[in-house]
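Student: The structure follows.
The values are calculated or read from the model by the stated rules, or taken from the named source; none is laboratory data. What you see is a predicted model, and the numbers here were worked out from it, not measured in a lab. When we count neighbours, we look across all protein chains shown, and the Cβ atoms used for this are built from the backbone with ideal geometry, even at glycine.
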Amino acid sequence: MNAIKTIIFALGLALAPAAIAQSPAVAPSAVVAPAPAAAAPAKPVSKVADIARTAPDATIGQPVPRGYEIQQQVTPIGKRAVWMHNALLMPIITVICLFVLALLFWASYRYRRKGNPIPSKVSHNTLIEVIWTTVPVLILLIIVFPSISLLAAQYKPVGKDALTIKAIGNQWYWTYEYPDNGGFEVVSNMLPDAQAKANGEPRLLAVDNRVVVPVGTPIRLLVTSNDVIHAWYVPAFWTQMDAVPGRVNEASFTVERPGVYYGQCNNICGARHGFMPITVQAVSPADFAQWISAHGGTPKGAKPGAPAVVAPNTAANTAAAPTTPAPAAAPVTKG
Ligand SMILES: [Cu+2]
């Protein structure tokens, strides 16, 4: 029975991509795309496009071929967590595994039937029992303090100097709001394979409009969803937070170096679950301010202007919605 279930399940998985390919392509950006472009003043986007379209470093912020280690971390919390994994947990795990393996081999040989025609009748040894109880407790005590403090640090709310960004999961794309910068919105759709390749970006991870963050500034990421449960997950930041409809979850991180960092929704959220990637671009605060103003936003603390919606604008961007070609103009539209 189980074998039949497995076969049916495997068939389902095999056929799913075909079903997806046949389903009408959705152009989510078109849903939120604002009024006709003609009404919007043309903005110089070339410089800004440069700011938000740096080529990624193939060794950081994305999976590497045959990679099995944790991605290189670019946040303080991530570095601490990697230390916990590499310097504390892995050595302890390795020593325990080797010790238990050696004990198994030794016991198998020492107490083999041939060498022990009359089996031992010993069933208790108080000293050994005390040792095998206290040693694991001591090991757990060594682990518990750095573990609990790391956990607490991960979820410690950031201070007033933090920049708030809201990530909203949708089936199947992300939208980002910048409430501290006038409340404009960025719609982020996956790039088709050919476009990602042309840009030198990884397949299934590149997006048309990246979410841009300033380096060295604590980011308060508010995560929620419009439909089903998604998750905002960027491995290089050590950040993963569920996006739950009707609920706002908070995560925080401080990116220490400029660059392009890729992530994915990692909650099974429907047919195109695998096609709603996350691309974060970390830039200098000066470039961030420029990017913000080019999108109709305001610096943090300034009087918010009218919110704008950032729709896909460049050729690269419109490629995300092949069935609904967006107007060539309309890079940035203020609503
Ligand atoms: Cu999702």
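Student: Among the residues of the stretch 93-152, what is the count of those that are assigned to a helix (DSSP H, G or I) and not hydrophobic (A, V, I, L, M, F, W, C)? Show your work before the answer.
Tutor: Just the residues of the stretch 93-152 that are assigned to a helix (DSSP H, G or I), to begin with: 93-110, 126-152.
Adding the requirement that they be not hydrophobic (A, V, I, L, M, F, W, C) leaves 94, 108-110, 126, 129, 133-134, 136, 146-147, 149.
Number of matching residues: 12.
Student: Any chance the stretch 212-223 includes a residue that's among the charged types (D, E, K, R), modelled with pLDDT of 95 or more and touching a Ser or Thr at 6+ places or on another chain (Cβ under 6 Å)? I'd like the intermediate steps shown before the answer.
Tutor: From the stretch 212-223, those among the charged types (D, E, K, R) are 220; that's our starting set.
Next cut, modelled with pLDDT of 95 or more only: 220.
Right, trim to touching a Ser or Thr at 6+ places or on another chain (Cβ under 6 Å) and you get 220.
Yes, the stretch 212-223 has at least one match.
Student: Let me confirm something: among T164, T175, which residue is among the β-branched types (V, I, T) and within 16 Å of the ligand (Cβ to nearest atom)? Reasoning before the result, please.
Tutor: Numbers: T164 fails: within 16 Å of the ligand (Cβ to nearest atom).
One residue alone meets the criteria, T175.
Student: Separate question: Return yes when W238 is without any contact (Cβ under 8 Å) to a residue 60 or more places away in the chain and more than 15 Å from the ligand (Cβ to nearest atom) and no when it is not. Talk me through it step by step, then tell me what you get.
Tutor: Working: without any contact (Cβ under 8 Å) to a residue 60 or more places away in the chain: no; more than 15 Å from the ligand (Cβ to nearest atom): yes.
Spelling it out, it is not the case that W238 is without any contact (Cβ under 8 Å) to a residue 60 or more places away in the chain and more than 15 Å from the ligand (Cβ to nearest atom).
Student: Could you please find all residues in the stretch 241-268 being surrounded by fewer than 16 Cβ atoms within 10 Å (Cβ to Cβ) and part of a strand (DSSP E or B)?
Tutor: Listed by number, the residues that qualify are P245, E250.
Student: Then there is this: Check off (1) outside any strand (DSSP E or B); (2) buried (at least 19 other Cβ atoms within 10 Å of the Cβ); (3) modelled with pLDDT of 50 or more for V280 and give me the number that stays unchecked.
Tutor: All conditions are met except number (1).
Student: Answer yes or no: is there a residue in the stretch 311-328 that is surrounded by fewer than 22 Cβ atoms within 10 Å (Cβ to Cβ), more than 16 Å from the ligand (Cβ to nearest atom) and modelled with pLDDT of 80 or more.
Tutor: No, there is no match, as no residue in the stretch 311-328 is surrounded by fewer than 22 Cβ atoms within 10 Å (Cβ to Cβ), more than 16 Å from the ligand (Cβ to nearest atom) and modelled with pLDDT of 80 or more.
Student: Here's something else I'd like to know. Please go through the stretch 142-161 and give me each residue that is among the hydroxyl-bearing types (S, T, Y) and either within 16 Å of the ligand (Cβ to nearest atom) or over 14 Å from A251 (Cα atoms) (or both), ordered by number.
Tutor: So the first thing to find is which residues in the stretch 142-161 are among the hydroxyl-bearing types (S, T, Y), and the list is 147, 149, 155.
Hits for the stretch 142-161 are S147, S149.
Student: For the stretch 212-226, how many residues are over 14 Å from D180 (Cβ atoms) and either more than 16 Å from the ligand (Cβ to nearest atom) or aliphatic (A, V, I, L, M) (or both)? Walk me through it before giving the result.
Tutor: Here is the first cut: in the stretch 212-226, the ones over 14 Å from D180 (Cβ atoms) are 215-216, 223-226.
With either more than 16 Å from the ligand (Cβ to nearest atom) or aliphatic (A, V, I, L, M) (or both) added as a condition, the list becomes 215-216, 223.
Count: 3.
Student: Ok, one more. Sort out which residues of the stretch 254-294 are more than 16 Å from V74 (Cβ to Cβ), within 16 Å of the ligand (Cβ to nearest atom) and touching a Gly at 6+ places or on another chain (Cβ under 9 Å), and write them in order of number.
Tutor: Q264, C265, N267, C269, M276, P277
Yes/no matrix, rows are residues, columns are (1) within 22 Å of A55 (Cα to Cα); (2) in contact with a helix residue (DSSP H, G or I) (Cβ under 6 Å, 6 or more places away or on another chain); (3) basic (K, R); (4) within 16 Å of the ligand (Cβ to nearest atom):
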position	(1), (2), (3), (4)
I168	no, no, no, yes
V186	yes, no, no, no
D193	yes, no, no, no
V228	no, no, no, yes
Y233	yes, no, no, yes
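Student: What is the number of the single condition among (1) more than 13 Å from the chain's Cα centre (by Cα); (2) under 24 Å from A58 (Cβ atoms); (3) more than 16 Å from the ligand (Cβ to nearest atom) that V207 does not meet?
Tutor: (3)
Student: Something else about it: State whether the residues of the stretch 210-227 include one that is of a type in the set (A, V, I, L, M, F, W, C), buried (at least 23 other Cβ atoms within 10 Å of the Cβ), in the same structural domain as K300 (by TED's automatic domain parsing) and not in a strand (DSSP E or B).
Tutor: Scanning the stretch 210-227, I find no residue that is of a type in the set (A, V, I, L, M, F, W, C), buried (at least 23 other Cβ atoms within 10 Å of the Cβ), in the same structural domain as K300 (by TED's automatic domain parsing) and not in a strand (DSSP E or B), so the answer is no.
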